[in-house]
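See below for the structure under consideration.
The values are calculated or read from the model by the stated rules, or taken from the named source; none is laboratory data. Worth saying up front: this structure is predicted, and the values here are computed from it rather than measured. Glycine also receives a Cβ, built like all others from the backbone with ideal geometry; neighbour counts cover every protein chain displayed. Just so you know, the surface numbers come from the protein's heavy atoms only, side chains and all, with ligands and any DNA or RNA stripped out. Shrake-Rupley method; radii C 1.70, N 1.55, O 1.52, S 1.80 Å.
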Amino acid sequence: EAVVSTQSTGSFSRTVVVMLLKSCFVVASSMWRYAAAACATGAAGYVAANSNLFSGAAEGKPFPEIKSTHSLVAKHVTKEKWDKLSGIQTATSGFTLGQAISCAVEFDNQHCGIYAGDYDSYQDFADVFDPIIQEYHGITAEAKHTSDMDVSKIQGNVHPDAPVKSVRIRVGRSFNGFGLSPGITRQQRLDLEKLLISAFSNFEGDLKGNYYPLLGMEESVRKQLVDDHFLFVSGDPNLISAGMERDWPEGRGIFHNEAKTFLVWVNEEDQTRIISMQKGGDVKAVFERLARAIKAVQDSVKEKSGKDFLFDEKYGYIHSCPTRDHPTT
């Protein structure tokens, strides 16, 4: 995902910059999507007493009423499939189909309406996920994911005189052995955070920086992260319904380099969101940093633990949301 923030004659405008880079979309935006006004951790940074609960609206029902009647879930989760799959629990995090479709059952405004709790979800519930992914992305059952992070293939750049305020490109990455955000266990989340903190300590040069855990965050740090528009917050109804805010804010945090041009969100909607950004319109420089950052995260985690990114030749890099799984860098 890439965002170019533009400004013209005093007001923000939208544009699309087409780069010769497969699956990398540069979309104009007037603000960071996750610009935050506050971090709801509480003064003491406590974990809510009921944080192990989430709605799981389809759980315990013979065949749930899907309120989002026009969603892909409503189309592809038939009673026949429900009867076949609803009793399965995934090996990595004990995730169920009922948990996966919770948003479509609880809300009436979903287009897709499904999340994966771990990599196993895509395999164990393939009768549901495969047709949803194929329809959403407009691909066939035989499609194969391609990923190309070769910076040298980018031809051209945003014209230096163009009224571009800033560029941001980000990707999600997940590691094997851990659940994805909707299904990850509390211990897995803590272990992943610990592993990433250790991996961050290996970064050198312009990628070197500091990690800021959300739990117990000092007010001065919170305010600075808000001012920098770096902080992600709780309270999204979809994320709550899907189980992604259990144990909030424990096990979550933000890493950024000294120049504030490279960030990693830890245990938000994905295990990691790796972000490169800077002022001006130099898309190639932002992408070059992103490519180095992705490799630095991957190599450092692999060195520390032997664990690698979750990658499937059909789905690509694995995310909790199947709308992101196929066309990503």
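Scanning the stretch 251-261 for residues that are open to solvent by 10 Å² or more (accessible area, probe 1.4 Å) and more than 22 Å from Asn157 (Cβ to Cβ) returns His256, Glu258.
Conditions (1) open to solvent by 10 Å² or more (accessible area, probe 1.4 Å); (2) at pLDDT below 95; (3) closer than 20 Å to Asp120 by Cα; (4) not in a loop (DSSP other than H, G, I, E, B), marked per residue:
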residue	(1), (2), (3), (4)
Leu263	no, no, no, yes
Asp270	no, no, yes, no
Ile275	no, no, no, yes
Arg289	yes, no, no, yes
Lys295	yes, no, no, yes
Gln298	yes, no, no, yes
Lys314	yes, yes, yes, no
Thr323	yes, yes, yes, yes
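Summed over the stretch 57-81, the residues that are open to solvent by less than 10 Å² (accessible area, probe 1.4 Å) and either of a type in the set (Phe, Trp, Tyr) or assigned to a loop (DSSP other than H, G, I, E, B) (or both) give a count of 5. For Val226, the test of being part of a helix (DSSP H, G or I), touching a strand residue (DSSP E or B) at 6+ places or on another chain (Cβ under 6 Å) and modelled with pLDDT under 95 is failed.
Taking into account only those residues within the stretch 277-287 that are part of a helix (DSSP H, G or I), out of contact with any helix residue (DSSP H, G or I) (no Cβ under 8 Å at 6 or more places or on another chain) and in contact (Cβ under 8 Å) with a residue 40 or more places away in the chain, which is farthest from Tyr211 (Cα to Cα)? Give the derivation first.
Taking the stretch 277-287 as the starting set, the residues that turn out to be part of a helix (DSSP H, G or I) are 283-287.
Filter once more, keeping what is out of contact with any helix residue (DSSP H, G or I) (no Cβ under 8 Å at 6 or more places or on another chain): 283, 285-286.
From what is left, the residues that are in contact (Cβ under 8 Å) with a residue 40 or more places away in the chain are 283, 286.
Numbers: Val283: 26, Val286: 21 Å.
Looking at residues that are part of a helix (DSSP H, G or I), out of contact with any helix residue (DSSP H, G or I) (no Cβ under 8 Å at 6 or more places or on another chain) and in contact (Cβ under 8 Å) with a residue 40 or more places away in the chain, I get Val283.
Summed over the stretch 112-127, the residues that are surrounded by 24 or more Cβ atoms within 10 Å (Cβ to Cβ) and either in a loop (DSSP other than H, G, I, E, B) or more than 21 Å from the chain's Cα centre (by Cα) (or both) give a count of 7. Every listed requirement among (1) in a loop (DSSP other than H, G, I, E, B); (2) at pLDDT 95 or above; (3) within 26 Å of Ser152 (Cα to Cα) is met by Pro327 save one, (2). Looking across the stretch 153-167, not a single residue is of a type in the set (Ser, Thr, Tyr) and touching a Gly at 6+ places or on another chain (Cβ under 6 Å).
Would you mention how many residues in the stretch 83-111 are of a type outside the set (Lys, Arg), part of a helix (DSSP H, G or I) and open to solvent by 10 Å² or more (accessible area, probe 1.4 Å)?
Of the residues in that region, 3 qualify.
Within the stretch 296-324, restricting attention to residues that are of a type in the set (Lys, Arg) and in contact (Cβ under 8 Å) with a residue 24 or more places away in the chain, the residue that is nearest to Gly156 (Cα to Cα) is Arg324. Among residues of the stretch 194-218 being in a loop (DSSP other than H, G, I, E, B), open to solvent by 20 Å² or more (accessible area, probe 1.4 Å) and among the hydrophobic types (A, V, I, L, M, F, W, C), the one that is nearest to Asn257 (Cα to Cα) is Met217. Checked against (1) open to solvent by 50 Å² or more (accessible area, probe 1.4 Å); (2) farther than 27 Å from Ile184 by Cβ, Gly280 meets all criteria but (1).
Beta carbons closer than 7 Å, at least 6 apart along the sequence or on distinct chains, pair a first residue in the stretch 144-158 that is in contact (Cβ under 8 Å) with a residue 40 or more places away in the chain with a second that is hydrophobic (A, V, I, L, M, F, W, C) and assigned to a loop (DSSP other than H, G, I, E, B) for Lys153/Leu20; Lys153/Leu21; Ile154/Met19; Ile154/Leu20; Ile154/Leu21; Gln155/Leu20.
So is Gln187 within 30 Å of Ser102 (Cα to Cα) and exposed (fewer than 15 other Cβ atoms within 10 Å of the Cβ) or not?
Judged against the criteria, Gln187 is a match.
Picking from residues in the stretch 219-250 that are farther than 27 Å from Asn109 by Cα and among the basic types (Lys, Arg), the one that is most open to solvent (accessible area, probe 1.4 Å) is Lys223.
Evaluating Lys165 against the criteria (1) more than 17 Å from the chain's Cα centre (by Cα); (2) in a loop (DSSP other than H, G, I, E, B) leaves one unmet condition, (2). A Cβ distance below 8 Å, combined with a sequence gap of six or more or placement on separate chains, defines the contacts here; from the stretch 63-78, residues that are in contact (Cβ under 8 Å) with a residue 60 or more places away in the chain and more than 13 Å from Ser241 (Cβ to Cβ) reach residues that are in a loop (DSSP other than H, G, I, E, B) and open to solvent by 10 Å² or more (accessible area, probe 1.4 Å) in the pairs Leu72/His111; Leu72/Cys112.
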